[in-house]
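No lab work stands behind these numbers, since they all come straight from the coordinates. For clarity, every value in this text was computed on a predicted model and none was experimentally measured. Please note: Cβ atoms are built from the backbone with ideal geometry, for glycine as well, and neighbour counts cover all protein chains shown.
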Amino acid sequence: MRATLTAVIAAIEAGAVALAGLVVIGVPAVLMWIITFGLDATPAELVGGIASVWFLAHGVPLQVSVTAEAALGLGLPGEAFAFPISLAPLGLSLVTVLLAMRAGWRFASRGGTGAAGVLGGGIGYTAVGFACLPFVAPMLPEPEWRALLTLGLIYAVSMLIPFVVHAAVSQQDWFTRSVRGVQRLVTRASPLLASTLPLRTQEVLRLALGALAALAGIAAAGFTVSLIIGYVDITALSQNLQLDPLGASVLFIVQLAFLPIALIWSMSWFVGTGFAVGVGTSVSPFDALVGPIPALPLMGAIPPSWGGFAPVAPAIIVIAGLVIGVAAARRSTLRGAGWGAAIVVPVLASTLAGLAVVLLSVLASGAMGPDRLAQAGPAPWLTGGIAAAELGVGMLLGIAAGRADAARLGTLVELVRGGDQRAIDARDHADATDARSWSSETLIALDRVERDRSAPDEDGRHQIAAGGVTGPRTGVTGRLRGFLGFGTAAAGSRGDVDDADDTGRVDTWRDETGPIETGDGDDPGAEIVPAVEPTPEPNPKPNPDDARSLEPAQAPAEAALPERLDDVTEDELRVSESEAEAILAAYSWDGSTVEWTDAPEDRSPDVDTPTDVGTEAAASAFESVDPDAQETAPVDDLIDDPEDSSGPGSGRRVWRWPGRKR
């Protein structure tokens, strides 16, 4: 039901668009019928003329018949004759196409249901043409059903293009399923091609649209210049017609309707193939052979040939393709692809642009009068093929230039423009001397620094060598080797001194680095012998004679406490036993927990068993110990004595370092 309603709405809108086109043609026709011709023709003939122009705007050819009386009135022999007219006023066609595209974009937001709108729009537009068919039938040289089919297809295709584009942009389900179906078919031939098919297709379409936009811009600029240059001829043709204001207005509308044709002809002129304005005529940069032409002021803008500068016109198309290729090469899609994709993508894009030029040339070609005027416009396939070749060559050159390494090209230019080979040799000699002046220890250290540059540290960042340590300068020879692909030296890498701001980090790095392997720097073949580590001396056992009271040690600890501890309560200093054990275990060398030996009879009820490590923990621990016990407690008892020498109830707390056995 929803699809049917969508189709009905689209059909009504299409009928409105068709009536709008008929009104645009009918208003000036009715004015001329009343004012100029004095109602000489019948209303049926007037409606037939309006409908015939409307059919012609959609590419339906007409057959105009001239009676003997009319021929005599035109100064021709008194014989009846007929001639075809197939050159469509594309300005009127453009109005219909734009309105249809707007409708298609709007119906695309409804998803798959919007497809019914495309079908309904084509049917509604054809219905209006069917209503006009009785008035146009005498002028149709082809079957009527073909004319109606042409009307419906033009409107439906104009709706379908934005419908598909909208679905692709919004990633609608039906479009995604269609793309996946195509990928599954392509996977059988090439899985890699199937995975990259969407990106490659987007890039091809992007390049093709860019090429068409460039062609349109060049054609518009050239046509504007032709209007300025041929202003005198255009004015003379207008004055020779001696039209009244109404006739001048109608003439302006007619020329506006043929303006897209003039732009397409201008494009074919820059391509180099040119266009014809009658049988046996040719207008191109290489020659301009023109016979009698219609007395239309727009024809005064036909440009002359450029003679020896004729190749400049096609070169402009090639340069446009070159610019597009350079811009495309900077995108990640082609920059990271191989040369195969970098060649195939612009070739397909230029081919697609060439096919579009063929279609435009077909629309801008046809008959515009009897006799010699039976042929006008560019040759479609020749123009499209030459345009594709010019754009393809330009894009290939642009992509090749964009993928080149600018730094290596700069190095090559520096070498070519150096001019003085002795200066280059002197620089190479200086670079070699600098490299030999480094000692073996320094070179080993530099190697470690460079390896440390590329290796991330614990924080996930790359360590930077500081202290002004850099490697030997890379000379011209090294940079040339890098350009040719034999090295990794980059142009301009002269070994500038690094910033030495992170000195603290360098010291830490040197403390954590093991002993550097040394060797004889003067003897390249000498064996590098690792340095012998000194035997660590055993820690001496504490001497009981060196026992000292804890009171002198407590005084500096209490003096080092911040003043704010005076206001801190015991509840704020208290931590749980599990937290204290976890903290002390983190600071122990072997990861074992801390054991406490307490005198249970004399434990203060306000103090928990273990406390935090640090100044605050030491203060809390000392406050819980009996001052008399602090004076007599030897160091050996606090560390190694497993038992309390004073017995239970002495009020002393004896603890030992983590990891010590009883």
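Structure data summary
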read-out: Order of THR224, THR150 - criterion: other Cβ atoms within 10 Å of each residue's Cβ, fewest first; value: THR224, THR150
read-out: Three-way shape label, the range 178-226, alpha-carbon gyration tensor, a/c 1.5; value: prolate
read-out: Spin-label model distance (nm) - ALA401 vs TRP306, 7 Å beyond Cα toward Cβ; value: 1.8 nm
read-out: Long-range HN-HN contacts of GLN375 with modeled amide H, under 5 Å; value: GLY278, VAL279, MET368
read-out: Trypsin sites (Lys or Arg not before Pro) restricted to the range 286-354 and DSSP loop, no more than 16 other C-beta within 10 Å; value: ARG330, ARG331
read-out: Sorted peptide list for 386-392, 25-31, criterion being average Cβ within 10 angstrom, highest first; value: 386-392, 25-31
